[in-house]
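Here's the structure, in structure tokens; my notes come after.
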Amino acid sequence: LQLIDNGAANESIRQAAAVFFKNTVKAAWDESKDLEDRKGVVISPQDRNTIKTNLVELMCTVPPRIQSQISEAISIIAAIDYPDNWNGLLPALIAKFGSPDLNVVNGVLMTADSIFKGFRHVQRSDDLYRIIIFSLDRIQEPLLVLFSQVDQAVDSSPGDAAQLKLRMESLRLITSIYFSLVYQDLPAYFEDHMKEWMTGFSKYLQYKNPILVDNDEEDEPGPIDKLQAAIIDVLKLFAERDEEPFQVYLPDFTKIVWNLLTSLTKFNKHDQLVVISTKYLNVLVGRAFYRHLFEDESTLRQIVSHIVIPNLMVRESDEENFEDNPQEFIMTELEGSDNESRRRCSRELLGAMCRQFEAQTTA
């Protein structure tokens, strides 16, 4: 750790030391594993306390490449020790929300995001809810304050591309943390402050700024695309759960997502956003609870002509993917792999339409 922290040392050496530290933590931190599985490494209680006392501060003072390794090490330790044996972790991370260095802010957000992702896709239990409540009590208000501050900073510097990219990433990470915190249930604080969050989400689903769009880039999503995909993940979650406080916002969000979806290009960079937007509409179309939003035959016709058919088309990039890796292509398109394509989601949306509105859809 002293070598990693040594600013006079060669950065490549510091990077190697950070990777070694992370791998050592990964192998040896969990004392429930056999010594052989820990590669014979024993980390003493004193060393463990020293590491946990200094690790967040270290992460905030090293270059970004090294920071990512330290962040991952913190997440590994937190998976074992948080919160019972590391109750100071979250306050230490939150204390950095006010840093003027956006790389530091994004570093602690990335770490918190990694920790809270453990709240997703797991079975409910008393212990899980105990940890969620512990976390909410400490982060729910500072997270909303940070969200508002970053939002204001975006408005104050619309022409600074470098700063805006970092702030878009801050907003994406905040949104991802929000998603994790509401994944099991909608906490009372977030219900009380639904308007602030939904107003911000609505704003950024409609946000446009040409300096953040690379028209020559066809494959990698831009910072706005990534933020919008994260926001629609939240909307889809609330729609799936029929969250009552969300219902007042749902019609407007549906129009916004619809307009966004029909405005996206066929380039690979928009695949993730098209997929999650189509899945959001699929949830609504497939549930009788939202039937009233799609009963108009012209609405169903527009879904088919503007969303389903365009995204069923085979693109040049699809042909290239099939030629390069036919097995993966077939699994993605036909066999239900974890990778989801535009075509699969469009077929599922069409299937939901046929189940709910068979006569109108097939007319």
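Structure notes:
- Taking the Cα centre of region 290-363 as reference, the dipole from Cβ charges on Lys and Arg (+1) and Asp and Glu (-1) amounts to some 500 debye.
- Members of Lys226/Lys279; Lys203/Lys255; Lys195/Lys279; Lys208/Lys269 lying beyond 19 Å, as alpha-carbon distances in this model show: Lys195/Lys279
- Each of Asp160 and Glu11 was given a label point 7 Å from its Cα along the Cα-to-Cβ line. The distance between the two points is 2.1 nm.
- With a simple spin-label model that places each label point 7 Å from the Cα along the Cα-to-Cβ direction, the separation between Arg301 and Lys195 comes to 4.0 nm.
- Gain in span if fully extended, Leu293 to Glu36, counting 0.36 nm per residue against the direct Cα distance: 86.6 nm
- Between Asp324 and Arg120, the simple label model (points 7 Å from Cα in the Cβ direction) yields a spacing of 2.5 nm.
- Relative packing of peptides 244-252, 86-94 - highest average C-beta neighbours within 10 Å first: 86-94, 244-252
- Accessible surface computed residue by residue for the chain, with neighbouring protein chains in place and a 1.4 Å probe, gives 50 Å² per residue.
- Considering all different alpha carbon pairs of the chain, the Kirkwood hydrodynamic radius works out to 22.8 Å.
- Sulfur and carbon atoms: percent of accessible area, the chain [1.4 Å]: 49 percent
The values are calculated or read from the model by the stated rules, or taken from the named source; none is laboratory data. Note that this is a predicted model, so its numbers are computed, not measured. Cβ atoms come from the backbone with ideal geometry, glycine included; neighbour counts cover every protein chain shown. These accessible areas exclude ligands, DNA and RNA; they are computed on the full protein's heavy atoms, side chains included. Shrake-Rupley method; radii C 1.70, N 1.55, O 1.52, S 1.80 Å.
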